[in-house]
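Q: Supplied in structure tokens, the structure appears directly below.
Every read-out reported here was derived from the displayed coordinates using simple, explicitly stated rules and does not represent laboratory data. Here the structure is a predicted model, which means the values were calculated and not measured. Note that each Cβ is placed from the backbone with ideal geometry, even for glycine, and that neighbours are counted across all protein chains shown.
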């Protein structure tokens, strides 16, 4: 209880009192380390608990929509479509391309099968996967749901000729169908296992990331400190930063929580707050 009281006392003064930082650099390093770790622990735990409460509702929505998804998958392959790959060449019994829509704005298509196309036309087809007469193109890298890099595989590398129709597709569906009944249970196991793992390890890794980030940002503040001859050691600035980072962290969390139409400015806010601290007149650190 005493440690919790000390943490919230330090939290309050870290965001409101620049003079408090002269006290911080007089304490041991592990005091600041414990403070930063516990701050990260509280925030990550809050996020995990929030998701744990939301998950049953998300699960219920998914459970209701699951039969529709399964039915759409069952009916996505046309009854009359037959695909043949022979001697490294693909052909179909249709004149028009076979298209599976993605349901998204970009790309609009999940798959386009068009033997008349060539791999160089991949971007113009606005699809994740383009199947042509001699190859298929698929994404290997994404950026904001946009394909930034793709790979090409050629049918000539297939060891055997290949024929596929609706009967083959239905056979695959029948084999997979028993697993769909266990899908929700598998998702439950994955989600709750992930929550437990994240509860244990997320605070550690986030704290390490913050400390690495602070090492860089503290160097920038140290340069400012040298320019204006404030005579603070790099180690002191780093220690101050371990508490000063509270301000941008809480700012970003409040933006998320209240859905405010503001941008996250973690680095500028940190640098401004650190500058205020080292220039604070009463803080003769």
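Q: Sort 44, 68, 180 so the one with the fewest other Cβ atoms within 10 Å of its own Cβ comes first. Mind dumping the intermediate values first?
A: On the way: 44 19, 68 9, 180 15.
Ascending number of Cβ neighbours within 10 Å: 68, 180, 44.
Q: Tell me the angle of helix 183-227 to the major Cα principal axis of the chain, expressed in degrees between 0 and 90 and rounded to the nearest ten.
A: On a 0 to 90 degree scale, this one is about 50.
Q: Cα atoms only, the chain: Rg and Dmax in Å?
A: Gyration radius and largest Cα-Cα distance of the chain: 28.5, 84 Å.
Q: Working from Cα positions, state the angle (0 to 90°, nearest 10) between the long axis of helix 234-244 and the longest principal axis of the chain.
A: 70
Q: Tell me, what is the percent relative contact order of the chain, built from C-alpha pairs under 8 Å that lie six or more residues apart?
A: Working: 301 pairs, mean separation 63.1, N = 285.
22 percent.
Q: Okay, next question. To the nearest 10 degrees, how steeply does helix 166-180 sit against the main Cα axis of the chain, on a 0 to 90 scale?
A: Result, in degrees: 40.
Q: If neighbour count is taken as other Cβ atoms inside 10 Å, put 143, 150, 91, 10 in order from fewest to most.
A: 143, 91, 150, 10
Q: With a 10 Å Cβ neighbour count serving as the proxy for reagent exposure, in which order, fewest first, do 216, 206 appear?
A: So the ranking, lowest neighbour count to highest, is 216, 206.
Q: Tell me what the chain gives for mean residue ellipticity at 222 nm when only DSSP H runs of n ≥ 4 count, each as -39,500 (n - 2.57), the sum divided by the residue total, rounded to 500 deg cm²/dmol.
A: Roughly -20000 deg cm²/dmol at 222 nm, from the helical runs in the chain.
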